[in-house]
């Protein structure tokens with residue numbers, strides 16, 4: 001096969017896609033390059049469909065080879081293992097925009113593999129992989145309604161930047177990944193530092209405009225090197241059967257869908273399905289006995305159409321709410337007595353129990369990825385146990401969904417967490433979902449904010465979040481606030497927006513249809529802002545601001561500073577001093593190379609004892625001060641006295657007594673405790689001491705007390 005490539009300039013750098021040179025046994029493969037970052041993307045779809053599946057068996061894998069950045073993996077085995085959290089999040093970024101673009105009913109096992117082969121640490125390989133996955137599918141024989149393109153959009157100094165380098169990331173006020181299909185946006189994932197809804201819309205439209213060359217180059221590549229698409233005919237809807245099912249159930253389905261409570265509603269609709277199958281089979285067993293799966297599929301379609309039609313035409317939703325109505329909210333804080341902070345956030349049938357734990361520098365998470373090693377001091381973990389949706393399953397490690405929802409909530413809150421200088425704690429939020437019927441990730445954002453405030457973390461602004469939905473039929477549009485699980489499944493778009501009173505801090509959006517224009521986005525984001533503000537008001541009724549005191553069970557971190565050259569005195573030979581301090585006080589002590597020392601303990605007295613011991617080790621001698629020193633060495637001309645740990649001064653023979661003495665040993669011996677006064681500190685740091693002046697000062701002090 002001949003090698004074909006296309007190039008285009010994006011953000012001042014060359015973006016290239018090449019096919020035909022490598023991985024030729026895959027159905028489709030491309031090498032995507034941007035700067036010196038290269039990703040190999042392959043697409044393979046099996047020839048035979050999986051029998052009995054009612055879903056699309058698509059797997060997206062993304063793996064970073066450490067050799068890509070000139071690194072050897074850490075650990076004992078020295079090879080890459082299970083995907084890291086960042087790799088799992090990249091899988092989701094690629095999967096979400098491409099999954100809806102396969103034909104309906106396509107049930108062939110399909111896998112997209114993304115391998116990062118070279119990484120320049122400036123250009124994000126995960127974003128390249130979105131475009132790469134689309135390109136691999138375009139040149140393959142796999143049916144795919146593409147192309148799409150992935151871009152990062154940043155905003156710095158009120159200017160948008162396309163694909164900003166990683167070194168710029170901390171400076172950006174907005175950083176979002178956008179997947180674009182011709183004429184529409186299909187996916188958004190990102191964070192911001194309180195930007196307005198108008199700025200967010202401008203960013204999305206900017207991405208749509210900038211993506212055009214990437215879409216065009218994929219079309220050209222397909223035309224020049226693409227395989228002929230394999231034949232696949234989408235299964236046609238049996239409208240006659242759908243009509244028959246609809247007529248059979250009459251008003252029973254509408255009545256079942258009006259039942260309040262998710263599980264009760266599911267039970268009622270299942271009963272209607274059971275009835276329609278029984279009635280049709282009884283009516284004509286020869287025709288319908290073997291078509292029960294088709295009847296069930298037709299029933300689901302009738303249900304979907306009914307819910308969508310009712311919502312569009314009446315502006316009344318499945319659970320009886322208005323389009324912009326938020327479900328009842330209740331909040332509690334201090335729910336868990338021994339945690340450092342906790343909250344129970346309930347919105348309708350979604351409930352999150354969230355805890356906040358404060359730790360020291362030693363609790364920071366060490367991250368080792370292609371960009372290098374760094375430490376994370378704000379961590380949010382999200383758990384979704386099966387009982388939250390009335391199921392019984394094995395509880396294993398976190399899945400992609402749990403990792404993705406946790407990352408979204410973490411992004412939403414982290415910009416409001418105080419810096420280390422202001423609040424020197426490692427912070428971990430854990431959200432356990434106890435009930436779920438619509439956007440438990442947004443419940444995590446709300447509960448996480450309240451848990452932080454309950455723990456006394458001085459956050460900049462409280463953050464709330466809301467999940468929104470959309471139903472579009474022709475020119476009619478219904479935007480739904482605080483969506484249910486069914487509305488998410490049956491709708492045309494779902495997006496989650498988090499933010500403070502001032503603006504958006506995180507956003508996630510998935511679009512299932514084309515034709516989402518600026519006006520729909522503007523209206524949806526404005527309705528989301530109103531919903532966020534309402535939810536935030538309910539939260540602030542429970543806890544209006546961070547508590548002024550930390551929990552009695554939380555470590556108190558006291559920060560003191562010493563001169564960097566005195567760090568060795570605190571540590572001591574072989575760590576002797578620091579071990580003695582920690583063992584005698586029970587405190588955790590972290591020492592920074594700059595001389596900053598964090599002392600952590602839930603016991604105030606223990607913290608003070610540790611501070612006193614460190615101060616004792618690092619005190620500087622001051623002229624005029626009295627010290628109880630120890631004679632370390634005797635010479636003919638005087639004695640060397642240790643007045644502070646590791647700090648000696650010369651006590652000249654003339655300064656030992658107020659009369660002349662022949663020998664130092666007439667008065668002092670090694671090991672003696674002696675009261676001395678610092679009378680001079682020379683430029684070279686040498687200290688001169690006086691015993692006679694110290695005794696005179698002490699005598700005057702005692703005489704003053706006697707009067």
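Read-outs throughout are calculated quantities, based only on the coordinates presented, and are distinct from any laboratory measurement. Here the structure is a predicted model, which means the values were calculated and not measured. Because the Cβ atoms are built from the backbone with ideal geometry, glycine has one as well, and the counts that use them run over all protein chains shown.
Starting from the alpha-carbon convex hull of the stretch 443-510, give the projected area averaged over all orientations, in nm².
5.3
When the distances between all Cα atoms of the chain are binned every 20 Å from zero, what whole-number percent does each bin get?
Pairs per bin, as whole percents: 15, 38, 26, 13, 7, 2, 0.
Given the convex hull over the Cα atoms of the stretch 195-238, what projected area results after averaging over all orientations, in nm²?
Projected area, direction-averaged: 6.3 nm².
Just want to confirm a number: the relative contact order over the chain, from Cα pairs under 8 angstrom separated by 6+ residues, in percent.
Averaging sequence separation for qualifying contacts and normalising by length gives 9 percent for the chain.
How far is helix 400-414 tilted, in degrees, relative to the longest principal axis of the Cα atoms in the chain, given as a value from 0 to 90 rounded to the nearest 10?
Once rounded, the angle reads 50 degrees.
Quick check on the stretch 556-618: of the DSSP beta bridges with both residues there, what percent are antiparallel, nearest 5%?
Antiparallel bridges make up about 100 percent of those DSSP assigns within the stretch 556-618.
Between residue 661 and residue 686, take the C-beta separation as r, use R0 = 25 Å, and let me know the FRET efficiency to the nearest 0.05.
FRET efficiency, residue 661 to residue 686: 0.65.
Going by a ≥ b ≥ c, the root eigenvalues of the Cα gyration tensor, does the stretch 1-107 fall in the rounded group (a/c under 1.5), the prolate group (a/b larger than b/c) or the oblate group?
Oblate shape, in that a/c is at least 1.5 and b/c is the bigger or equal ratio.
Let a ≥ b ≥ c be the square roots of the eigenvalues of the Cα gyration tensor of the stretch 643-707; is it rounded (a/c under 1.5), or, if not, prolate (a/b larger than b/c) or oblate?
Oblate, since a/c reaches 1.5 and b/c is not below a/b.
Describe numerically, in nm with one decimal, the distance between label points set 7 Å from Cα along Cα→Cβ at residue 400 and at residue 630.
So the two model labels end up 6.5 nm from each other.
In degrees between 0 and 90, to the nearest 10, how far off the longest principal axis of the chain does helix 239-249 point, with axes built from Cα atoms?
For helix 239-249, the angle is close to 80 degrees.
What distance in nm lies between label points placed 7 Å from Cα along the C-beta direction at residue 670 and residue 252?
For residue 670 paired with residue 252, the spin-label model returns 10.4 nm.
PRE reach from residue 224 (point 7 Å along Cα→Cβ): which of the stretch 1-25 fall under 11 Å by backbone N?
3-8, 17-19
If r is the Cβ-Cβ distance from residue 243 to residue 522 and R0 is 30 Å, what FRET efficiency results, to the nearest 0.05?
0.20
Output the 0 to 90 degree angle, nearest 10, between the alpha-carbon long axis of helix 576-585 and the longest principal axis computed from the alpha carbons of the chain.
Value to nearest ten degrees: 70.
Taking R0 as 56 Å, what FRET efficiency do you get between residue 232 and residue 362 from their Cβ-Cβ distance, rounded to the nearest 0.05?
0.50
With all distinct Cα pairs included, what does the Kirkwood hydrodynamic radius of the stretch 556-618 come out to in Å, to one decimal, could you say?
So the Kirkwood estimate lands at 11.3 Å.
If we restrict to alpha carbons, what Rg and Dmax does the stretch 239-314 come to, in Å?
12.5, 40
For residue 461, project a label point 7 Å along Cα to C-beta. Then give me every residue of the stretch 165-180 with its amide nitrogen under 14 Å of that point.
Only 173-174 fall inside the zone, counting backbone N under 14 Å.
How many nm is it between the label spots at residue 312 and residue 282, if each spot is 7 Å from the Cα in line with the beta carbon?
3.5
Which of the three applies to the stretch 288-443, rounded, prolate or oblate, going by the alpha-carbon gyration tensor with a ≥ b ≥ c and a/c under 1.5 meaning rounded?
Because a/c hits 1.5 or more and a/b exceeds b/c, the stretch 288-443 counts as prolate.
Only helical DSSP H runs with n ≥ 4 go in: add -39500 (n - 2.57) per run for the chain, normalise by residue count and round the 222 nm mean residue ellipticity to 500 deg cm²/dmol.
So the helix-based figure for the chain works out to -10500 deg cm²/dmol.
Rounded to a whole number of µm²/s, how large is the Stokes-Einstein D of the stretch 142-287 at 20 °C and 1.002 mPa s, given Rh as the Kirkwood radius over C-alpha pairs?
It diffuses with D of about 105 µm²/s by this estimate.
Any idea what % of Cα-Cα pairs in the stretch 538-643 are farther than 24 Å?
Percentage above 24 Å: 43.
Starting from 0 in steps of 10 Å, tell me what percent of the Cα-Cα pairs of the stretch 329-542 lands in each bin.
That works out to 8, 33, 35, 19, 5, 0, in percent per bin.
From Cα coordinates alone, what are the radius of gyration and Dmax values for the stretch 597-707 in angstrom?
16.6, 56
Roughly what percent of Cα-Cα pairs across the stretch 369-495 reach past 25 Å?
Percentage above 25 Å: 37.
Quick one: length gained pulling residue 393 to residue 216 fully straight, 0.36 nm per residue minus the C-alpha distance?
59.1 nm is the gain from fully extending residue 393 to residue 216.
What percentages make up the Cα-Cα pair-distance distribution of the stretch 4-225 when the bins are 5 Å wide from 0?
Per 5 Å bin, starting at 0, the Cα pair percentages come out as 1, 7, 15, 18, 20, 16, 11, 7, 3, 1, 0, 0.
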